[in-house]
1. Given axes a ≥ b ≥ c from the Cα gyration tensor, I'd like to know whether the range 52-91 is rounded (a/c under 1.5), prolate (a/b larger than b/c) or oblate.
2. Evaluate the distance, in nm, between pseudo-label points positioned 7 Å from the Cα of residue 66 and of residue 36 along their respective Cα→Cβ axes.
3. Rounded to the nearest 500, what is the 222 nm mean residue ellipticity of the chain from helices alone, with -39500 (n - 2.57) per DSSP H run of 4+ residues and division by all residues?
4. Please order 66, 44 by the number of other Cβ within 10 Å, starting at the fewest.
5. Quick check: residue separation of residue 120 and residue 59 times 0.36 nm, minus the Cα distance between them. What number comes out in nm?
6. Looking only at Cα atoms, what is the convex hull volume of the range 4-119 per residue, in Å³?
7. Could you work out the relative contact order of the range 4-119? I mean the mean sequence separation of Cα pairs under 8 Å and 6+ apart, divided by the number of residues, in percent.
8. Take the alpha carbon atoms of the range 49-80, find their center, do the same for the range 100-122, and report the distance between the two centers in whole angstrom.
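Every number here is computed from the coordinates shown, using simple stated rules; none is lab data. No experiment lies behind these values; they were computed from the predicted model shown. Methodologically, a virtual Cβ is constructed for each residue, glycine included, from the backbone with ideal geometry; neighbour enumeration extends over all protein chains shown.
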């Protein structure tokens, strides 16, 4: 599999762990610690998969997803969050913006990879 993934999370340990898991599964991976860092990367290399944390500095994950959808309408997007309360509205908004899933941290990386592989076109 050679799909390109952009992982956006402001927690470096989550970025490192998730990047490693995706690389081991055969993905080309880019990372960003903020939406501001992610936007030019998304515009430049147009990833097929987006894994976006909801709670980011300055711009939240929903705002980022909305902006990226303008350039990459068919990317598989998964919103993630560490929030434990009142996430129903966030999940609904994520799905409305075209997210394939809304997952809670800590991530079960096998589940994330399975969800993406199910939605990634086969060569």
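1. Cα axes put the range 52-91 in the prolate bin.
2. Spacing of the two 7 Å Cα→Cβ label points: 1.9 nm.
3. That comes out to -13000 deg cm²/dmol.
4. 44, 66
5. On the way: separation 61, 0.36 × 61 = 21.96 nm, distance 2.73 nm.
19.2 nm is the gain from fully extending residue 120 to residue 59.
6. Numbers: hull volume 10.3 nm³, N = 116.
So the per-residue hull volume is 89 Å³.
7. It rounds to 23 percent for the range 4-119.
8. 15
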